[in-house]
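The values are calculated or read from the model by the stated rules, or taken from the named source; none is laboratory data. Note that the coordinates shown come from a computational prediction; the quantities given were computed from them, not determined experimentally. Neighbour counts are summed over all protein chains in view; Cβ atoms, including those assigned to glycine, are modelled from backbone coordinates with ideal geometry.
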Amino acid sequence: MKRYSDSKPISSIIRREEKTDPKPEYQRGPVWSKKQKQLLIDTIFRDLDIPKFYLRAVNNDQYEWEVVDGQQRLRAIWEFRRSEYKIAKDAEPIGETDIANLTYTDLSEELKDKFDSYALNLVILENATLDEVEEMFVRLQNGSTLKAAERRNALPGKMKLFIRELAKHDFFDNCGFKNRRFDFDQVAAQCMLLELNGGARNIKNTDLEKMYLENDDFDSESAEAKKINKVLNYLARTFLLKTPELKQGNVISLYIIISMLLEKYAIPDYEIKIGKWFIDFETKRLADLDLPEDQRDSEMVAYQNAVGHSSDAIESLEYRNKILTRDFFSTFDEILPLDDTREFSNEQKLAIFRRDKNFCQLKIKCAGRKLGWDDDWHIDHKIAFSKGGKTSVTNGHLACAECNLVKGNN
C-alpha cells in the first residue's frame, strides 16, 4: 500500500461526488445530526482546521475513490452545497455578513466562493488491499463513537464476510428495527454464535468479536452456515409482513426456539401458525405490563425482567427460552418429535425390498417396474421424516431412483 498527501478545494470534491463511494461495505451509514453538520460548516466558514480525509483510490467502472475516513464530513459538505439544510440559526456573522439560517443558495457570491475554495487535506491510499483498508478504518475510528458492530464490520476474515451477507437476508426486512448502524449484522452475528454453540450462551460484544477473530477462515458451506440460513428462511416464511414485535431481543429468542424445533421436531407448514402464536404471546406480555402490580402474571413479570436486563447474557436467554418453549408446546401439543435416526439400516432396506416384492411402490415415472438387487433403487419414508415419519420398516417403501427423485423435487 502506498499513500500520499494532497489538498483540494471543496469545489473539486463537489465535482467528484458521483465518482466517490462514501459507503464501502466496512463503513457505517450516515449518522450525523443536523447540529453536527452545521458545526462543520461553521468551522469551514471561519477558516478553522478540520481533520484529514482518507480516500482509497479504486478506479473501477463506477468510482475513483472510496472513503476510508471522513464519510460523515463529506456527506455534510455535499448536502450543504445542495442546500439540503441551513446554517445554524444562532451562527455568528462572518465579518459584517450575517449567515444565520441561510442555505448555500442564499449566500452571497463572495461567501459561496469562500466555501468552495476552502482546502480539504486528503490522504490518498493506492494499491491498498481490502484487509489493509479495513484495518486502517478500525485504527482511525478507535477514538470515535463507533458501535461494536461497526468495528466488527471492519475486521478482516471470512466470518465478517459471511455475517455481512447474512444481514442482507429477506427476514430482516420485516423486523421491527432498522439497520441504522449495522444492527442487522449485530443480530445475525448473535444468531451465528448461538448456532456455533448449539444453544444459549453469552452473546455480548466481546464474545462476538472473539467469534470473528477465531473463525477468520469460516466455511460458508459448513453445517452451521447452512443451518442458520435454514432457520432464517423459515422465519422469513413465518413473518411475511413488517412485524413491529420483532425487536432485536425477540429475534434472538425466536431464533433459539426455531433452531431447536427444526433440529428435533416436525414443523412443516407451521410457519403462519407460529407467527400468529408469537404475536399473540407478545400481545399478552404487553397487556400484562398495564395491569396493577398485584394482578400481573408472575411468569410474565419474570420474562419482562429477563428481556430488560442483560438480554445478551446466558441466564436471560435460557430463562426466556424456557418460558417461550413451555408456551409453544402448550399451544402446539400435537407436534411430533423427529425420529432419532433418519437413515434406514441395511437390514431395514432388505426387509422392505423383500416385503414390496422388488416392485417400485411410487409409480410416478414408471408403472411399478420390478427392480433387481443391483439396480438403482431407494428406500424412502412413506410419511416424510420432516413431518414426523418414523424410520421403520412399516413407514418405508421401495422406489426406483427415477420416481423417488421426481417425488423429492415436488
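Within the stretch 137-158, does at least one residue satisfy the condition of being buried (at least 18 other Cβ atoms within 10 Å of the Cβ), free of Cβ contacts under 8 Å to residues at least 40 places away in the same chain and touching a Phe, Trp or Tyr at 6+ places or on another chain (Cβ under 6 Å)? No: the stretch 137-158 contains no residue that is buried (at least 18 other Cβ atoms within 10 Å of the Cβ), free of Cβ contacts under 8 Å to residues at least 40 places away in the same chain and touching a Phe, Trp or Tyr at 6+ places or on another chain (Cβ under 6 Å). Quick check on R201: is it modelled with pLDDT under 95 and farther than 19 Å from S310 by Cα? So R201 fails the test. If the condition is being under 21 Å from G29 (Cβ atoms), among the hydrophobic types (A, V, I, L, M, F, W, C) and in a helix (DSSP H, G or I), then the stretch 169-227 contributes F171, F172, F184, V187, A188, A189, L208. Would you point out the residue of the stretch 46-67, among those that are within 21 Å of A154 (Cα to Cα) and among the β-branched types (V, I, T), that is surrounded by the most Cβ atoms within 10 Å (Cβ to Cβ)? Selected residue: V67.
When the test is whether a residue is at pLDDT 90 or above, farther than 18 Å from L262 by Cβ and loosely packed, with under 14 Cβ neighbours inside 10 Å, N346 passes it. Would you please list the contacts, defined by Cβ atoms under 8 Å and residues six or more apart or on different chains, that run from a residue in the stretch 314-327 that is closer than 16 Å to S259 by Cα to a residue that is of a type in the set (S, T, N, Q) and surrounded by 19 or more Cβ atoms within 10 Å (Cβ to Cβ)? Filtered contacts from the stretch 314-327: L317/S253; R320/S253; N321/S253; L324/S253. Quick check: anything in the stretch 256-267 touching a residue at least 24 places away in the same chain (Cβ under 8 Å) and under 16 Å from the mean Cα position of the chain (by Cα)? Looking through the stretch 256-267, at least one residue is touching a residue at least 24 places away in the same chain (Cβ under 8 Å) and under 16 Å from the mean Cα position of the chain (by Cα).
Count of the stretch 181-235 residues, restricted to those that are aliphatic (A, V, I, L, M) and either touching a residue at least 60 places away in the same chain (Cβ under 8 Å) or in contact with a Phe, Trp or Tyr (Cβ under 7 Å, 6 or more places away or on another chain) (or both), is 10. Considering only the stretch 317-325, I want to know if a residue exists there that is of a type in the set (F, W, Y), farther than 21 Å from A167 by Cβ and surrounded by 12 or more Cβ atoms within 10 Å (Cβ to Cβ). Checked the stretch 317-325: at least one residue is of a type in the set (F, W, Y), farther than 21 Å from A167 by Cβ and surrounded by 12 or more Cβ atoms within 10 Å (Cβ to Cβ). The set of residues in the stretch 68-120 being touching a strand residue (DSSP E or B) at 6+ places or on another chain (Cβ under 8 Å), among the hydroxyl-bearing types (S, T, Y) and surrounded by 12 or more Cβ atoms within 10 Å (Cβ to Cβ) consists of S108, Y118.
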